[in-house]
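Contents: one structure, followed by commentary.
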Amino acid sequence: MVINASTYLKPISTLLKVKLDNTKSKIPTSETTVKIFNLLKKSNSPLGPQNQIEKIQIQQWIEYAQVYGVHVDSSYNAKIVLKELNNILALKTYLVSHRLTIADILFFYMLLRVMETLSNLDKEKYLNVCRWFDNIQNDTLLRDNNKIIDFRSNFLATLVPAKH
């Protein structure tokens, strides 16, 4: 099953406190990008781009989400996306710039179910993604509306108990 990226427009519009126009359940990918930027414009949110470079980077992440992220319901595809994001986030705190943007929010919603189902071992494997996700989920914008996923790792403690 492929998830349409427009699925995430509703939680994004709720987060931005902007009414979403009547949107068909599946819209063309080009319209998803336009709708996200329209929501940002209506909301006057700081999650939008502050310059042209950020705008282009946000557009690229939205396109990435539409091409690859929509397949994260398959565990094989989810692992590919998580591996790529893990490498990208090795030296970054956020996907765009040095602040939270709509690109991070889109990927947060897109990866929410995947992150809920990760085992402790997988959380260790995708450490950078988990750090990024935990940072995003604890942001005041999202904290109250979503279940908090536990990223405390006690995996090694159960494998190698302390001996005295």
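Scan the range 87-94 and give yes if some residue there is part of a helix (DSSP H, G or I) and modelled with pLDDT of 90 or more, otherwise no. The answer is yes, given that some residue of the range 87-94 is part of a helix (DSSP H, G or I) and modelled with pLDDT of 90 or more. If you go through the range 47-73 and pick out every residue that is under 16 Å from residue 108 (Cα atoms), assigned to a loop (DSSP other than H, G, I, E, B) and open to solvent by 20 Å² or more (accessible area, probe 1.4 Å), you end up with 2.
Residue 83 falls short of the stated requirement of being of a type in the set (Lys, Arg) and not in a helix (DSSP H, G or I).
Which residue, of 97, 75, is at pLDDT below 95, touching a Pro at 6+ places or on another chain (Cβ under 9 Å) and either over 23 Å from residue 31 (Cα atoms) or not hydrophobic (A, V, I, L, M, F, W, C) (or both)? So the residue among 97, 75 that is at pLDDT below 95, touching a Pro at 6+ places or on another chain (Cβ under 9 Å) and either over 23 Å from residue 31 (Cα atoms) or not hydrophobic (A, V, I, L, M, F, W, C) (or both) is 97. If the condition is being out of contact with any helix residue (DSSP H, G or I) (no Cβ under 8 Å at 6 or more places or on another chain) and β-branched (Val, Ile, Thr), then the range 27-66 contributes 34, 53, 56.
Here the range 107-157 is the region considered, the condition is being open to solvent by 40 Å² or more (accessible area, probe 1.4 Å), polar (S, T, N, Q) and in a loop (DSSP other than H, G, I, E, B), and the residue that is farthest from residue 82 (Cα to Cα) is 145. Restricting to the range 74-94, name every residue that is hydroxyl-bearing (Ser, Thr, Tyr), farther than 20 Å from residue 137 by Cβ and open to solvent by less than 70 Å² (accessible area, probe 1.4 Å). Within the range 74-94, just 74 meets the criteria. Of the residues 43, 97, the single one that is of a type in the set (S, T, N, Q) and out of contact with any Asp or Glu (no Cβ under 9 Å at 6 or more places or on another chain) is 43. Scanning the range 1-32 for residues that are modelled with pLDDT of 90 or more, open to solvent by less than 50 Å² (accessible area, probe 1.4 Å) and polar (S, T, N, Q) gives a single hit, 13.
The values are calculated or read from the model by the stated rules, or taken from the named source; none is laboratory data. It should be emphasised that the depicted structure is a prediction, and the values quoted were computed from it without experimental measurement. Positions of Cβ are generated from backbone atoms using ideal geometry, with glycine treated the same way; all protein chains shown enter the neighbour counts. Protein only, heavy atoms only, side chains kept; ligands, DNA and RNA dropped before computing areas. Shrake-Rupley method; radii C 1.70, N 1.55, O 1.52, S 1.80 Å.
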